[in-house]
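The values are calculated or read from the model by the stated rules, or taken from the named source; none is laboratory data. Source: prediction; values computed, not measured. Please note: Cβ atoms are built from the backbone with ideal geometry, for glycine as well, and neighbour counts cover all protein chains shown. To get the accessible areas, we keep the full protein, side chains included, count just its heavy atoms, and leave off ligands, DNA and RNA. Shrake-Rupley method; radii C 1.70, N 1.55, O 1.52, S 1.80 Å.
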Amino acid sequence: MGAFTQYALQVALLLAAFSVLYRLTLSSATFHRFNRAVLMCGIALSFIIVPMISPEAEEPAESAEAQVAAMRAEVESLSESPMPVWPKAVALVYLAGVAVAAVATLRSALAIARIIRAGRKEPSGSHTIVFTKKNDISPFSWGRYIIVPEGTAPADLHMIVEHEKCHLRHRHWVDLAIAQCTVVFNWFNPAAYMLMREIQDVHEYQVDAEILAQGHDARQYQLLLLRNAVGSAFPRMANGLSHSRLKARIGMMARRRTASRRAICAVVIIPLLFGVASAVEHTPLSARLASVGNAVIAGTPANGLSYLIGTDADGNEIHGISYVSAYGDTNVSMTVPQGSSSPKIYINRHIATRADLSAINADAVDFVLADNLHNRFVVKTK
(Lines give C-alpha, C1' and ligand atoms only; values in the text may rest on other atoms or scores of the structure.)
Protein backbone atom coordinates (compact mmCIF):
# COMPACT_ATOMS: atom_id res chain seq x y z
CA MET A 1 0.00 0.00 0.00
CA GLY A 2 3.02 2.30 0.07
CA ALA A 3 2.73 2.82 -3.68
CA PHE A 4 -0.94 3.74 -3.21
CA THR A 5 0.06 6.36 -0.61
CA GLN A 6 2.74 7.72 -2.94
CA TYR A 7 0.15 8.07 -5.69
CA ALA A 8 -2.23 9.86 -3.29
CA LEU A 9 0.48 12.38 -2.39
CA GLN A 10 1.23 13.04 -6.05
CA VAL A 11 -2.48 13.54 -6.78
CA ALA A 12 -2.68 15.89 -3.78
CA LEU A 13 -0.04 18.16 -5.29
CA LEU A 14 -1.87 18.25 -8.62
CA LEU A 15 -5.23 18.96 -6.96
CA ALA A 16 -3.63 21.80 -5.02
CA ALA A 17 -2.15 23.27 -8.20
CA PHE A 18 -5.45 22.92 -10.06
CA SER A 19 -7.37 24.52 -7.19
CA VAL A 20 -5.10 27.56 -7.22
CA LEU A 21 -5.26 27.86 -11.01
CA TYR A 22 -9.05 27.62 -11.05
CA ARG A 23 -9.42 30.22 -8.31
CA LEU A 24 -7.16 32.62 -10.16
CA THR A 25 -8.76 32.21 -13.58
CA LEU A 26 -12.39 31.01 -13.62
CA SER A 27 -13.85 31.00 -10.11
CA SER A 28 -15.55 34.38 -10.49
CA ALA A 29 -16.73 33.88 -14.09
CA THR A 30 -20.44 33.65 -14.91
CA PHE A 31 -20.35 30.72 -17.39
CA HIS A 32 -21.34 28.17 -14.77
CA ARG A 33 -21.91 25.13 -16.99
CA PHE A 34 -18.44 25.56 -18.48
CA ASN A 35 -16.90 26.00 -15.02
CA ARG A 36 -18.60 22.83 -13.85
CA ALA A 37 -17.04 20.91 -16.74
CA VAL A 38 -13.62 22.43 -16.03
CA LEU A 39 -13.80 21.44 -12.36
CA MET A 40 -14.72 17.83 -13.09
CA CYS A 41 -12.13 17.53 -15.89
CA GLY A 42 -9.47 19.06 -13.64
CA ILE A 43 -10.15 16.50 -10.91
CA ALA A 44 -10.06 13.68 -13.46
CA LEU A 45 -6.78 14.95 -14.94
CA SER A 46 -5.20 15.13 -11.49
CA PHE A 47 -5.79 11.39 -11.13
CA ILE A 48 -4.65 10.26 -14.59
CA ILE A 49 -1.68 12.53 -15.30
CA VAL A 50 0.67 10.70 -12.90
CA PRO A 51 0.30 7.28 -14.61
CA MET A 52 0.58 8.98 -18.01
CA ILE A 53 4.01 10.52 -17.32
CA SER A 54 5.44 7.88 -14.97
CA PRO A 55 8.78 6.35 -16.00
CA GLU A 56 7.16 2.93 -16.22
CA ALA A 57 4.80 4.24 -18.90
CA GLU A 58 7.68 5.70 -20.89
CA GLU A 59 9.98 2.67 -20.59
CA PRO A 60 7.92 -0.50 -20.29
CA ALA A 61 10.96 -2.77 -20.67
CA GLU A 62 14.61 -2.32 -19.65
CA SER A 63 17.54 -3.69 -21.57
CA ALA A 64 19.79 -6.33 -19.98
CA GLU A 65 22.57 -3.74 -19.66
CA ALA A 66 20.27 -1.36 -17.83
CA GLN A 67 19.17 -4.09 -15.42
CA VAL A 68 22.78 -5.01 -14.65
CA ALA A 69 23.63 -1.37 -14.10
CA ALA A 70 20.69 -0.97 -11.73
CA MET A 71 21.78 -4.02 -9.72
CA ARG A 72 25.36 -2.74 -9.55
CA ALA A 73 24.18 0.67 -8.36
CA GLU A 74 21.99 -0.94 -5.72
CA VAL A 75 24.84 -3.08 -4.36
CA GLU A 76 27.30 -0.18 -4.30
CA SER A 77 24.95 1.98 -2.25
CA LEU A 78 23.99 -0.49 0.49
CA SER A 79 23.80 0.90 4.02
CA GLU A 80 24.01 -0.74 7.44
CA SER A 81 21.33 1.62 8.74
CA PRO A 82 17.94 -0.01 9.29
CA MET A 83 15.02 0.65 7.01
CA PRO A 84 13.53 4.10 7.80
CA VAL A 85 10.31 4.05 9.80
CA TRP A 86 8.80 7.31 8.54
CA PRO A 87 7.63 6.01 5.10
CA LYS A 88 5.65 3.23 6.79
CA ALA A 89 4.28 5.70 9.36
CA VAL A 90 3.14 8.06 6.60
CA ALA A 91 1.43 5.23 4.76
CA LEU A 92 -0.27 3.91 7.90
CA VAL A 93 -1.54 7.37 8.90
CA TYR A 94 -2.81 7.91 5.36
CA LEU A 95 -4.66 4.58 5.28
CA ALA A 96 -6.17 5.26 8.71
CA GLY A 97 -7.41 8.63 7.48
CA VAL A 98 -8.96 7.03 4.39
CA ALA A 99 -10.78 4.56 6.63
CA VAL A 100 -12.13 7.33 8.88
CA ALA A 101 -13.20 9.47 5.90
CA ALA A 102 -14.87 6.47 4.25
CA VAL A 103 -16.80 5.66 7.45
CA ALA A 104 -17.91 9.30 7.77
CA THR A 105 -19.11 9.25 4.15
CA LEU A 106 -20.97 6.00 4.71
CA ARG A 107 -22.67 7.48 7.78
CA SER A 108 -23.84 10.47 5.73
CA ALA A 109 -25.17 8.18 3.01
CA LEU A 110 -27.03 6.08 5.60
CA ALA A 111 -28.43 9.24 7.20
CA ILE A 112 -29.83 10.33 3.82
CA ALA A 113 -31.33 6.87 3.33
CA ARG A 114 -32.95 6.96 6.78
CA ILE A 115 -34.50 10.38 6.16
CA ILE A 116 -35.86 9.26 2.79
CA ARG A 117 -37.21 6.01 4.22
CA ALA A 118 -38.89 7.68 7.20
CA GLY A 119 -40.36 10.66 5.33
CA ARG A 120 -43.76 11.11 3.77
CA LYS A 121 -43.42 10.78 0.00
CA GLU A 122 -45.32 12.58 -2.74
CA PRO A 123 -44.59 11.93 -6.45
CA SER A 124 -43.80 15.03 -8.51
CA GLY A 125 -43.20 14.08 -12.12
CA SER A 126 -40.03 12.05 -12.43
CA HIS A 127 -39.00 13.06 -8.91
CA THR A 128 -40.28 12.33 -5.41
CA ILE A 129 -40.76 14.94 -2.70
CA VAL A 130 -39.97 13.61 0.77
CA PHE A 131 -41.45 15.56 3.69
CA THR A 132 -39.33 14.97 6.78
CA LYS A 133 -40.14 15.73 10.40
CA LYS A 134 -36.58 17.00 10.87
CA ASN A 135 -37.43 20.69 10.73
CA ASP A 136 -33.93 21.75 11.80
CA ILE A 137 -32.37 21.07 8.38
CA SER A 138 -32.50 22.97 5.13
CA PRO A 139 -34.11 21.41 2.03
CA PHE A 140 -31.76 19.30 -0.08
CA SER A 141 -31.86 16.77 -2.92
CA TRP A 142 -30.20 13.50 -3.79
CA GLY A 143 -30.74 11.09 -6.67
CA ARG A 144 -34.40 11.50 -7.59
CA TYR A 145 -35.50 12.67 -4.12
CA ILE A 146 -36.18 16.20 -2.87
CA ILE A 147 -36.17 16.39 0.92
CA VAL A 148 -38.20 19.21 2.48
CA PRO A 149 -39.01 19.79 6.18
CA GLU A 150 -42.73 19.44 6.94
CA GLY A 151 -42.69 22.87 8.54
CA THR A 152 -41.83 24.59 5.26
CA ALA A 153 -44.13 27.52 4.51
CA PRO A 154 -46.52 26.75 1.60
CA ALA A 155 -45.48 30.01 -0.08
CA ASP A 156 -41.86 28.78 -0.19
CA LEU A 157 -42.51 25.18 -1.17
CA HIS A 158 -43.04 25.71 -4.91
CA MET A 159 -39.81 27.65 -5.40
CA ILE A 160 -37.82 25.24 -3.23
CA VAL A 161 -39.04 22.30 -5.29
CA GLU A 162 -38.19 24.12 -8.53
CA HIS A 163 -34.72 24.88 -7.19
CA GLU A 164 -34.04 21.27 -6.23
CA LYS A 165 -35.50 19.93 -9.47
CA CYS A 166 -32.91 21.98 -11.34
CA HIS A 167 -30.19 20.22 -9.36
CA LEU A 168 -31.66 16.83 -10.18
CA ARG A 169 -32.13 17.59 -13.89
CA HIS A 170 -28.44 18.51 -14.17
CA ARG A 171 -27.45 15.44 -12.11
CA HIS A 172 -25.39 17.56 -9.76
CA TRP A 173 -25.45 14.76 -7.21
CA VAL A 174 -23.11 12.76 -9.47
CA ASP A 175 -20.52 15.54 -9.32
CA LEU A 176 -20.80 15.64 -5.53
CA ALA A 177 -20.40 11.88 -5.27
CA ILE A 178 -17.19 12.07 -7.32
CA ALA A 179 -15.97 15.04 -5.25
CA GLN A 180 -16.72 13.17 -2.02
CA CYS A 181 -14.71 10.17 -3.24
CA THR A 182 -11.87 12.59 -3.96
CA VAL A 183 -12.13 13.91 -0.39
CA VAL A 184 -11.99 10.36 0.98
CA PHE A 185 -8.94 9.54 -1.15
CA ASN A 186 -7.28 12.91 -0.35
CA TRP A 187 -8.67 13.52 3.15
CA PHE A 188 -5.48 15.30 4.27
CA ASN A 189 -5.49 17.77 1.37
CA PRO A 190 -7.22 21.16 1.89
CA ALA A 191 -7.45 21.50 -1.90
CA ALA A 192 -9.83 18.52 -2.08
CA TYR A 193 -12.26 20.27 0.28
CA MET A 194 -11.81 23.58 -1.55
CA LEU A 195 -12.65 21.94 -4.87
CA MET A 196 -15.74 20.33 -3.38
CA ARG A 197 -16.84 23.77 -2.17
CA GLU A 198 -16.16 25.20 -5.65
CA ILE A 199 -18.31 22.45 -7.18
CA GLN A 200 -21.13 23.19 -4.73
CA ASP A 201 -20.84 26.90 -5.50
CA VAL A 202 -20.97 26.46 -9.27
CA HIS A 203 -23.98 24.15 -8.88
CA GLU A 204 -25.82 26.83 -6.94
CA TYR A 205 -24.76 29.57 -9.36
CA GLN A 206 -26.08 27.48 -12.26
CA VAL A 207 -29.41 26.80 -10.56
CA ASP A 208 -29.81 30.39 -9.36
CA ALA A 209 -29.30 31.67 -12.91
CA GLU A 210 -31.82 29.15 -14.27
CA ILE A 211 -34.44 30.03 -11.64
CA LEU A 212 -34.15 33.75 -12.38
CA ALA A 213 -34.24 33.06 -16.14
CA GLN A 214 -37.64 31.41 -15.60
CA GLY A 215 -39.01 34.79 -14.53
CA HIS A 216 -38.97 34.47 -10.73
CA ASP A 217 -38.50 37.70 -8.81
CA ALA A 218 -34.86 38.03 -7.77
CA ARG A 219 -35.66 39.76 -4.47
CA GLN A 220 -38.19 37.13 -3.41
CA TYR A 221 -35.82 34.35 -4.39
CA GLN A 222 -32.97 35.88 -2.38
CA LEU A 223 -35.28 36.26 0.64
CA LEU A 224 -36.16 32.56 0.28
CA LEU A 225 -32.47 31.68 0.42
CA LEU A 226 -32.01 33.82 3.52
CA ARG A 227 -35.00 32.25 5.29
CA ASN A 228 -33.68 28.74 4.64
CA ALA A 229 -30.11 29.59 5.61
CA VAL A 230 -30.97 29.17 9.30
CA GLY A 231 -31.26 25.40 8.92
CA SER A 232 -28.23 23.15 9.16
CA ALA A 233 -26.67 22.18 5.84
CA PHE A 234 -27.18 18.42 5.65
CA PRO A 235 -25.33 16.59 4.37
CA ARG A 236 -22.22 17.84 2.55
CA MET A 237 -22.52 15.25 -0.23
CA ALA A 238 -26.01 16.45 -1.23
CA ASN A 239 -27.20 19.66 -2.91
CA GLY A 240 -28.95 21.98 -0.46
CA LEU A 241 -30.23 25.52 -0.29
CA SER A 242 -27.89 26.50 2.56
CA HIS A 243 -24.73 24.74 1.37
CA SER A 244 -23.20 27.51 -0.66
CA ARG A 245 -22.11 30.97 0.51
CA LEU A 246 -25.16 33.21 0.27
CA LYS A 247 -23.18 36.43 -0.02
CA ALA A 248 -21.27 35.01 -2.99
CA ARG A 249 -24.48 33.72 -4.60
CA ILE A 250 -26.30 37.02 -4.29
CA GLY A 251 -23.25 38.79 -5.65
CA MET A 252 -23.09 36.37 -8.57
CA MET A 253 -26.76 37.02 -9.40
CA ALA A 254 -26.00 40.73 -9.70
CA ARG A 255 -22.76 40.30 -11.65
CA ARG A 256 -22.53 41.27 -15.28
CA ARG A 257 -22.00 38.45 -17.75
CA THR A 258 -18.32 37.54 -18.09
CA ALA A 259 -16.72 38.01 -21.52
CA SER A 260 -16.59 34.66 -23.30
CA ARG A 261 -12.92 35.11 -24.21
CA ARG A 262 -12.08 34.52 -20.55
CA ALA A 263 -12.88 30.83 -21.07
CA ILE A 264 -9.52 30.55 -22.86
CA CYS A 265 -7.97 30.43 -19.39
CA ALA A 266 -9.06 26.79 -19.18
CA VAL A 267 -6.66 25.92 -22.00
CA VAL A 268 -3.74 27.15 -19.90
CA ILE A 269 -4.61 24.87 -16.98
CA ILE A 270 -3.85 21.61 -18.82
CA PRO A 271 -0.17 22.26 -19.74
CA LEU A 272 0.42 23.78 -16.30
CA LEU A 273 -0.87 20.61 -14.62
CA PHE A 274 1.43 18.50 -16.79
CA GLY A 275 4.26 20.85 -15.82
CA VAL A 276 3.55 20.37 -12.11
CA ALA A 277 3.39 16.59 -12.55
CA SER A 278 6.69 16.58 -14.43
CA ALA A 279 8.30 18.70 -11.71
CA VAL A 280 7.13 16.22 -9.08
CA GLU A 281 8.72 13.37 -11.05
CA HIS A 282 12.07 15.10 -11.66
CA THR A 283 12.88 16.99 -8.45
CA PRO A 284 14.32 15.93 -5.06
CA LEU A 285 10.71 15.55 -3.93
CA SER A 286 10.40 12.45 -6.13
CA ALA A 287 12.97 10.61 -3.99
CA ARG A 288 10.90 11.27 -0.86
CA LEU A 289 7.74 10.12 -2.58
CA ALA A 290 9.54 7.00 -3.82
CA SER A 291 10.52 6.20 -0.22
CA VAL A 292 6.84 6.21 0.71
CA GLY A 293 6.05 4.10 -2.35
CA ASN A 294 8.58 1.47 -1.26
CA ALA A 295 7.20 1.29 2.29
CA VAL A 296 6.20 -2.22 3.35
CA ILE A 297 2.90 -2.02 5.20
CA ALA A 298 1.63 -5.54 5.76
CA GLY A 299 2.43 -9.06 4.73
CA THR A 300 0.57 -10.96 2.05
CA PRO A 301 1.23 -14.64 2.77
CA ALA A 302 -0.49 -15.81 -0.39
CA ASN A 303 1.70 -13.64 -2.59
CA GLY A 304 4.72 -12.68 -0.48
CA LEU A 305 8.41 -13.50 -0.24
CA SER A 306 9.49 -16.58 1.70
CA TYR A 307 12.88 -17.17 3.32
CA LEU A 308 13.81 -20.87 3.10
CA ILE A 309 16.65 -22.83 4.69
CA GLY A 310 17.72 -26.31 3.60
CA THR A 311 20.87 -28.47 3.60
CA ASP A 312 22.91 -30.06 0.84
CA ALA A 313 24.59 -33.47 0.77
CA ASP A 314 27.70 -32.09 2.50
CA GLY A 315 25.75 -30.59 5.40
CA ASN A 316 26.04 -27.01 4.23
CA GLU A 317 23.04 -24.77 4.65
CA ILE A 318 21.22 -23.50 1.55
CA HIS A 319 19.49 -20.18 2.15
CA GLY A 320 17.03 -18.92 -0.41
CA ILE A 321 14.34 -16.38 -1.15
CA SER A 322 11.34 -17.72 -3.03
CA TYR A 323 8.27 -15.97 -4.41
CA VAL A 324 5.63 -16.25 -7.10
CA SER A 325 4.84 -13.15 -9.14
CA ALA A 326 3.11 -12.35 -12.41
CA TYR A 327 6.35 -13.40 -14.16
CA GLY A 328 6.33 -16.90 -12.64
CA ASP A 329 8.16 -18.74 -9.86
CA THR A 330 11.46 -17.28 -8.66
CA ASN A 331 13.95 -18.89 -6.31
CA VAL A 332 17.25 -17.16 -5.51
CA SER A 333 19.58 -19.12 -3.24
CA MET A 334 23.15 -19.41 -1.98
CA THR A 335 25.16 -22.04 -0.15
CA VAL A 336 26.42 -21.10 3.32
CA PRO A 337 29.39 -23.22 4.49
CA GLN A 338 29.23 -24.85 7.92
CA GLY A 339 30.19 -22.46 10.69
CA SER A 340 29.38 -19.35 8.64
CA SER A 341 26.78 -16.82 9.73
CA SER A 342 23.43 -16.49 8.01
CA PRO A 343 23.32 -14.09 5.04
CA LYS A 344 22.39 -10.47 5.66
CA ILE A 345 19.29 -9.12 3.97
CA TYR A 346 19.15 -5.67 2.38
CA ILE A 347 15.87 -4.20 1.16
CA ASN A 348 15.98 -0.99 -0.84
CA ARG A 349 19.60 -0.37 0.28
CA HIS A 350 18.94 -0.76 4.02
CA ILE A 351 19.67 -3.67 6.34
CA ALA A 352 16.49 -5.60 7.04
CA THR A 353 15.09 -8.66 8.78
CA ARG A 354 13.33 -11.76 7.54
CA ALA A 355 10.09 -10.28 8.91
CA ASP A 356 10.57 -7.26 6.66
CA LEU A 357 11.21 -9.60 3.76
CA SER A 358 8.06 -11.65 4.33
CA ALA A 359 5.93 -8.50 4.26
CA ILE A 360 6.86 -7.59 0.66
CA ASN A 361 4.32 -8.32 -2.05
CA ALA A 362 5.90 -10.42 -4.79
CA ASP A 363 4.48 -8.22 -7.55
CA ALA A 364 6.34 -5.23 -6.07
CA VAL A 365 9.77 -6.87 -6.45
CA ASP A 366 12.14 -5.36 -8.99
CA PHE A 367 14.91 -7.91 -8.42
CA VAL A 368 16.46 -10.21 -5.81
CA LEU A 369 20.22 -10.71 -5.93
CA ALA A 370 22.27 -13.36 -4.09
CA ASP A 371 25.70 -11.87 -3.38
CA ASN A 372 27.70 -15.01 -2.47
CA LEU A 373 30.97 -13.11 -2.15
CA HIS A 374 29.67 -10.93 0.66
CA ASN A 375 27.12 -13.41 2.07
CA ARG A 376 24.05 -11.25 1.55
CA PHE A 377 20.75 -10.98 -0.30
CA VAL A 378 19.88 -7.71 -2.00
CA VAL A 379 16.20 -6.97 -2.66
CA LYS A 380 14.85 -4.00 -4.57
CA THR A 381 11.20 -3.16 -4.94
CA LYS A 382 9.60 -1.02 -7.63
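Look through Glu162, Glu150 and report the one residue that is open to solvent by 10 Å² or more (accessible area, probe 1.4 Å), over 16 Å from Met237 (Cβ atoms) and in contact with a strand residue (DSSP E or B) (Cβ under 6 Å, 6 or more places away or on another chain).
Exactly one residue qualifies, and that residue is Glu150.
Residues to consider are Glu210, Glu204; find the one that is open to solvent by less than 10 Å² (accessible area, probe 1.4 Å), touching a residue at least 24 places away in the same chain (Cβ under 8 Å) and of a type in the set (D, E, K, R).
Numbers: Glu210 fails: open to solvent by less than 10 Å² (accessible area, probe 1.4 Å).
Within the list Glu210, Glu204, the selection yields Glu204.
For the range 178-186, check the following and say yes or no: at least one residue is of a type in the set (A, V, I, L, M) and modelled with pLDDT under 90.
no
Looking only at the range 108-128, which residues are out of contact with any Lys or Arg (no Cβ under 7 Å at 6 or more places or on another chain) and part of a strand (DSSP E or B)?
Those that are out of contact with any Lys or Arg (no Cβ under 7 Å at 6 or more places or on another chain) and part of a strand (DSSP E or B): Arg120, Lys121, Glu122, Pro123, Ser124.
Suppose we keep only residues that are assigned to a loop (DSSP other than H, G, I, E, B) and closer than 18 Å to Ile360 by Cβ within the range 304-338. Which one would you say is least open to solvent (accessible area, probe 1.4 Å)?
Among residues in the range 304-338 that are assigned to a loop (DSSP other than H, G, I, E, B) and closer than 18 Å to Ile360 by Cβ, the one least open to solvent (accessible area, probe 1.4 Å) is Leu305.
Phe188 is checked against (1) free of Cβ contacts under 8 Å to residues at least 24 places away in the same chain; (2) under 30 Å from Ala359 (Cβ atoms) and fails just one. What number does that condition carry?
Failing condition for Phe188: (1).
Is it true that some residue in the range 71-79 is open to solvent by less than 20 Å² (accessible area, probe 1.4 Å) and either at pLDDT 90 or above or under 30 Å from Val207 (Cβ atoms) (or both)?
no
Got at least one residue in the range 132-149 being modelled with pLDDT of 90 or more, assigned to a strand (DSSP E or B) and over 25 Å from Leu246 (Cα atoms)?
no
List pairs: first residue in the range 352-378 and over 15 Å from Tyr323 (Cα atoms) and open to solvent by 20 Å² or more (accessible area, probe 1.4 Å), second residue at pLDDT below 90 and assigned to a strand (DSSP E or B) anywhere in the structure, Cβ distance under 9 angstrom, at least six positions apart or on different chains.
Final answer for the pair search is Thr353/Pro82.
So how many residues does the range 121-143 have that are farther than 17 Å from His158 by Cα and either of a type in the set (S, T, N, Q) or open to solvent by 20 Å² or more (accessible area, probe 1.4 Å) (or both)?
Within the range 121-143, residues that are farther than 17 Å from His158 by Cα and either of a type in the set (S, T, N, Q) or open to solvent by 20 Å² or more (accessible area, probe 1.4 Å) (or both) number 6.
Only one of (1) modelled with pLDDT under 90; (2) closer than 18 Å to Val161 by Cβ is not met by Asp208, so which one is it?
Failed condition: (1).
Show the residue pairs that are 6+ apart or on different chains and have beta-carbon atoms under 8 Å apart, the first residue being within the range 125-137 and over 15 Å from Ala238 (Cα atoms), the second being open to solvent by 90 Å² or more (accessible area, probe 1.4 Å) and assigned to a loop (DSSP other than H, G, I, E, B).
Ser126/Arg144; His127/Arg144; Thr128/Arg144
Of a type in the set (D, E, K, R), modelled with pLDDT of 85 or more and open to solvent by 40 Å² or more (accessible area, probe 1.4 Å): is that true of Arg288 in this structure?
In short, no.
Within the range 94-107, work out how many residues are open to solvent by 90 Å² or more (accessible area, probe 1.4 Å) and either of a type outside the set (Lys, Arg) or not in a helix (DSSP H, G or I) (or both).
Looking only at that region, the number is 2.
Give the range 198-225 a look and list any residue that's under 18 Å from Ile147 (Cα atoms) and out of contact with any strand residue (DSSP E or B) (no Cβ under 7 Å at 6 or more places or on another chain), or say none.
If the condition is that a residue be under 18 Å from Ile147 (Cα atoms) and out of contact with any strand residue (DSSP E or B) (no Cβ under 7 Å at 6 or more places or on another chain), then Gln200, Glu204, Val207, Leu224, Leu225 are the ones that fit.
Residues of the range 150-162 being modelled with pLDDT of 90 or more and in contact with a helix residue (DSSP H, G or I) (Cβ under 6 Å, 6 or more places away or on another chain), which ones?
Once the filter is applied, which keeps residues that are modelled with pLDDT of 90 or more and in contact with a helix residue (DSSP H, G or I) (Cβ under 6 Å, 6 or more places away or on another chain), the range 150-162 yields only Met159.
Please verify whether Ala91 is closer than 30 Å to Ala16 by Cβ, surrounded by 12 or more Cβ atoms within 10 Å (Cβ to Cβ) and not hydroxyl-bearing (Ser, Thr, Tyr), treating the condition exactly as stated.
Spelling it out, Ala91 is indeed closer than 30 Å to Ala16 by Cβ, surrounded by 12 or more Cβ atoms within 10 Å (Cβ to Cβ) and not hydroxyl-bearing (Ser, Thr, Tyr).
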